[in-house]
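> One structure follows; several queries about it will come next.
The values are calculated or read from the model by the stated rules, or taken from the named source; none is laboratory data. As the structure is a computational prediction, the values presented were derived from the model and not from experiment. All Cβ positions, even for glycine, are placed from backbone atoms using ideal geometry, and neighbour counts span all protein chains on display. We work out accessible area using only protein heavy atoms, side chains counted, and drop any ligands, DNA or RNA first. Shrake-Rupley method; radii C 1.70, N 1.55, O 1.52, S 1.80 Å.
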Amino acid sequence: MANRQELNRNLAQMLKGGVIMDVTTPEQARIAEAAGACAVMALERIPADIRAAGGVSRMSDPKMIKGIQEAVTIPVMAKCRIGHIAEAQILQAIEIDYIDESEVLSPADNIYHIDKTQFEVPFVCGARNLSEALRRIAEGATMIRTKGEPGTGDVVQAVSHMRLMQSQIRELVGKREDELFEAAKQLQAPYDLVKYVHDNGKLPVVNFAAGGVATPADAALMMQLGAEGVFVGSGIFKSGDPAKRAAAIVKAVTNYNDPKELAALSEDLGEAMVGINEHEIEVLMAERGQ
Amino acid sequence: MRIAVLALQGAFLEHEMMLSKLGIDCFEVRQLEDWQQEKDGLIIPGGESTTQGKLLRDLGLLTPIREAIEGGLPVFGTCAGLILLAREVEGNSPSAPVPPRLATMHTTAARNAYGRQLGSFHVESHFKGIEGDIPMTFIRAPYIKEASEEVEVLSEVDGHIVAARQGNQLVTAFHPELDDDMRVHEYFLKMVKSR
């Protein structure tokens, strides 16, 4: 499995500098691909609708996911519930390119995450801080994303998660080697991963931003804060002109450091998703699965 | 020597780190203004070829880069780069418009030729002009299905062409930038020097 883990980390490296978009139909998947998405996340309902509908949210119908796999040539990801080993096995059986063990769905297990080292297909997991990120990597995640607060169109949580993670990384880099054992204890994470971060100044896997990204400026902000790429969930297909907004966000991620280009990209995008503020919502998805 | 690295999307940083280990100066190309700098060669990294192709076109880079390659600028494409340089491509979405490409190399590339991520693999194999085997990491990789006479085959794995050269153009279906072996990059730099 060591080789598989490496290949799975490598696929995430190929997604860097790209935008992964939530899609619910083959038609949306084609729009996303044509707009320049580097991968799509197939799910029955986008997070904003999951939030509005309430109730238990589960893995999508495999038939719906297969329809999207047939519609596009870029990698297709899908979500399973935290700790739901069987849902993950099902997604592996239909040869999904990446599984998102996601707090957006209702958790199936309040204590244990999936032992992702037992799977051939790769996993991406959400994290609010370095502790969560390193625990997920220890469990076999080969890609990390911020949790943000999905389905809100409010970027504030993704920003605080990314800032916290980056500042914790910088803090580790600045430590003496003999302080790393205590750091591992504080972080509740394996020593070898803590040592890796200390030595390399980054996670051993790719780290994307997710949760609440709705505009090209949001995407550029996350890239400037150290994200290696961006997930956009509800932000695209909850907006007035999805194709145009999607293409603009793709370009904003490539030229995130060029304000003139970003200004041009931000023009005439139509209505952004309305969004709700983080303090106005009842369910904080980011608190699921620590 | 100064190498341009196409940095629209994908694993461009890995190439930059490889060049830096070899003591070679490089710069990122994210827009037309970047491209206009002096350069001795170009690397097109792995990533999603549909994403990179679309950005090449939308950013006005497609034609100037194609003209530079046709004018003899040495270019090295890995994975998505192999697809972007291929004249013909099989395995695109049937319903979608064909993604833009540079199409300067007389090859037919098969996209996602090994299937989805479960088909990704690693082997050690021979590369013409390099002694011994080199590590080859294939990630949702393409291969070259057909190549015309002016294309020199440099490596085959399981009967499929996975590395080739046509004059100033070098392509690999695998990712030398993901492994520690620097000899394929050195091979490209030799091409640049002998131009």
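> Condition first: free of Cβ contacts under 8 Å to residues at least 24 places away in the same chain and touching a helix residue (DSSP H, G or I) at 6+ places or on another chain (Cβ under 8 Å). Now tell me which residues in segment A:256-267 satisfy that. Quick ask: steps written out before the conclusion?
Restricting attention to segment A:256-267, the residues satisfying the condition of being free of Cβ contacts under 8 Å to residues at least 24 places away in the same chain are A:258-261, A:263-264, A:267.
Answer for segment A:256-267, where residues must be free of Cβ contacts under 8 Å to residues at least 24 places away in the same chain and touching a helix residue (DSSP H, G or I) at 6+ places or on another chain (Cβ under 8 Å): just A:E261.
> Could you tell me whether segment A:136-155 includes any residue that is over 20 Å from A:N8 (Cβ atoms), touching a residue at least 60 places away in the same chain (Cβ under 8 Å) and acidic (D, E)?
yes
> Restricting to segment A:107-131, count the residues that are surrounded by fewer than 24 Cβ atoms within 10 Å (Cβ to Cβ), more than 14 Å from chain B (Cβ to nearest Cβ) and either hydrophobic (A, V, I, L, M, F, W, C) or farther than 9 Å from A:A141 by Cβ (or both).
12
> Further question: Filtering segment B:160-195 down to residues that are among the basic types (K, R) and either within 14 Å of chain A (Cβ to nearest Cβ) or not in a strand (DSSP E or B) (or both), which residue is least open to solvent (accessible area, probe 1.4 Å)? Before the answer, list the steps.
Filtering segment B:160-195 down to residues among the basic types (K, R) leaves B:165, B:183, B:190, B:193, B:195.
Subset that is either within 14 Å of chain A (Cβ to nearest Cβ) or not in a strand (DSSP E or B) (or both): B:183, B:190, B:193, B:195.
Numbers: B:R183: 76, B:K190: 136, B:K193: 149, B:R195: 162 Å².
Checking each candidate, the answer is B:R183.
> Ok, one more. Just the residues that are surrounded by 24 or more Cβ atoms within 10 Å (Cβ to Cβ) and either more than 21 Å from A:P122 (Cα to Cα) or small (G, A, S) (or both), please, taken from segment A:34-45. Please lay out each step first, then the result.
Let us first name the residues in segment A:34-45 that are surrounded by 24 or more Cβ atoms within 10 Å (Cβ to Cβ), namely A:36-43.
Of everything in segment A:34-45, those that are surrounded by 24 or more Cβ atoms within 10 Å (Cβ to Cβ) and either more than 21 Å from A:P122 (Cα to Cα) or small (G, A, S) (or both) turn out to be A:G36, A:A37, A:A39, A:A42.
> Can you tell me how many residues in segment B:22-44 are over 27 Å from A:V250 (Cα atoms) and either free of Cβ contacts under 8 Å to residues at least 24 places away in the same chain or touching a His at 6+ places or on another chain (Cβ under 9 Å) (or both)?
3
> Same structure again: Among A:M59, A:M77, which is surrounded by fewer than 24 Cβ atoms within 10 Å (Cβ to Cβ) and touching a residue at least 40 places away in the same chain (Cβ under 8 Å)? Give the steps one after another, and end with the answer.
On the way: A:M77 fails: surrounded by fewer than 24 Cβ atoms within 10 Å (Cβ to Cβ).
Among A:M59, A:M77, only A:M59 is surrounded by fewer than 24 Cβ atoms within 10 Å (Cβ to Cβ) and touching a residue at least 40 places away in the same chain (Cβ under 8 Å).
> Just to be sure, is A:N3 more than 10 Å from chain B (Cβ to nearest Cβ), out of contact with any Cys (no Cβ under 7 Å at 6 or more places or on another chain) and either in a helix (DSSP H, G or I) or polar (S, T, N, Q) (or both)? Give the derivation first.
Numbers: more than 10 Å from chain B (Cβ to nearest Cβ): no; out of contact with any Cys (no Cβ under 7 Å at 6 or more places or on another chain): yes; either in a helix (DSSP H, G or I) or polar (S, T, N, Q) (or both): yes.
Taking the combined requirement at face value, the residue does not satisfy it.
> Out of contact with any Ser or Thr (no Cβ under 7 Å at 6 or more places or on another chain), within 14 Å of chain B (Cβ to nearest Cβ) and under 20 Å from A:V232 (Cα atoms), is that true of A:I74?
Numbers: out of contact with any Ser or Thr (no Cβ under 7 Å at 6 or more places or on another chain): no; within 14 Å of chain B (Cβ to nearest Cβ): yes; under 20 Å from A:V232 (Cα atoms): yes.
No; evaluated as a whole, the condition is false for this residue.
> What's the number of the condition A:I99 fails, among (1) over 15 Å from A:L43 (Cβ atoms); (2) in contact with a helix residue (DSSP H, G or I) (Cβ under 9 Å, 6 or more places away or on another chain); (3) among the β-branched types (V, I, T)?
The number of the failed condition is (1).
> Go over the candidates B:T51, B:T78 one by one and state the one that is in contact with a Phe, Trp or Tyr (Cβ under 8 Å, 6 or more places away or on another chain), buried (at least 21 other Cβ atoms within 10 Å of the Cβ), within 14 Å of chain A (Cβ to nearest Cβ) and not aliphatic (A, V, I, L, M).
Details: B:T51 fails: in contact with a Phe, Trp or Tyr (Cβ under 8 Å, 6 or more places away or on another chain).
Criteria check complete, one pass: B:T78.
> Now for a separate question. Keeping to segment A:88-106, report how many residues are modelled with pLDDT of 95 or more and open to solvent by 10 Å² or more (accessible area, probe 1.4 Å).
6
> Going through segment B:1-32 one residue at a time, which ones are of a type outside the set (A, V, I, L, M, F, W, C), part of a helix (DSSP H, G or I) and within 9 Å of chain A (Cβ to nearest Cβ)? Spell out the reasoning first.
Filtering segment B:1-32 for residues of a type outside the set (A, V, I, L, M, F, W, C) gives B:2, B:9-10, B:14-16, B:20-21, B:23, B:25, B:28, B:30-31.
Subset that is part of a helix (DSSP H, G or I): B:14-16, B:20-21.
The one that is of a type outside the set (A, V, I, L, M, F, W, C), part of a helix (DSSP H, G or I) and within 9 Å of chain A (Cβ to nearest Cβ): B:E14.
> Would you list the helices (runs of 4 or more DSSP H) that sit entirely within segment A:15-94 and hold 3 or more residues that are within 24 Å of A:R245 (Cβ to Cβ)?
Numbers: elements: A:26-35, A:47-53, A:62-71, A:85-93.
By residue number, A:26-35, A:47-53, A:62-71.
> Okay, moving on. Would a scan of segment B:97-104 turn up a residue that is touching a residue at least 12 places away in the same chain (Cβ under 8 Å), on the phi < 0 side of the Ramachandran plot and open to solvent by 60 Å² or more (accessible area, probe 1.4 Å)?
First pass over segment B:97-104, keeping only residues touching a residue at least 12 places away in the same chain (Cβ under 8 Å): B:99-104.
So of that shortlist, the ones also on the phi < 0 side of the Ramachandran plot come out as B:99-102, B:104.
With the extra rule that they be open to solvent by 60 Å² or more (accessible area, probe 1.4 Å), the set shrinks to none.
Scanning segment B:97-104 turns up no residue that is touching a residue at least 12 places away in the same chain (Cβ under 8 Å), on the phi < 0 side of the Ramachandran plot and open to solvent by 60 Å² or more (accessible area, probe 1.4 Å).
> Can you pull out every residue in segment B:108-134 that is open to solvent by 10 Å² or more (accessible area, probe 1.4 Å) and among the β-branched types (V, I, T)?
B:T108, B:V123, B:I130 - these are the residues of segment B:108-134 that are open to solvent by 10 Å² or more (accessible area, probe 1.4 Å) and among the β-branched types (V, I, T).
> Hey, among A:G140, A:G151, A:G67, A:G83, which residue is more than 16 Å from the chain's Cα centre (by Cα) and either open to solvent by 50 Å² or more (accessible area, probe 1.4 Å) or more than 14 Å from every other protein chain (Cβ to nearest Cβ) (or both)?
On the way: A:G140 fails: more than 16 Å from the chain's Cα centre (by Cα); A:G151 fails: more than 16 Å from the chain's Cα centre (by Cα); A:G67 fails: either open to solvent by 50 Å² or more (accessible area, probe 1.4 Å) or more than 14 Å from every other protein chain (Cβ to nearest Cβ) (or both).
Just a single option satisfies the conditions, and that option is A:G83.
> On to the next question. Search segment A:7-30 for residues that are surrounded by fewer than 24 Cβ atoms within 10 Å (Cβ to Cβ) and pair each with any residue that is in a helix (DSSP H, G or I) when their beta-carbon atoms are under 6 Å apart and the residues are at least 6 apart or on different chains.
Final answer for the pair search is A:L11/B:Q117; A:P26/A:G67; A:P26/A:I68; A:P26/A:A71; A:Q28/A:F237; A:R30/A:A71.
> Still on this model: Just give me the residues in segment B:98-152 being of a type in the set (S, T, N, Q), outside any strand (DSSP E or B) and within 11 Å of another protein chain (Cβ to nearest Cβ), in sequence order.
Step one: filter segment B:98-152 for residues of a type in the set (S, T, N, Q), giving B:104, B:107-108, B:112, B:117, B:120, B:125, B:137, B:148.
With the extra rule that they be outside any strand (DSSP E or B), the set shrinks to B:104, B:112, B:117, B:120, B:148.
The answer is B:N112, B:Q117, B:S120.
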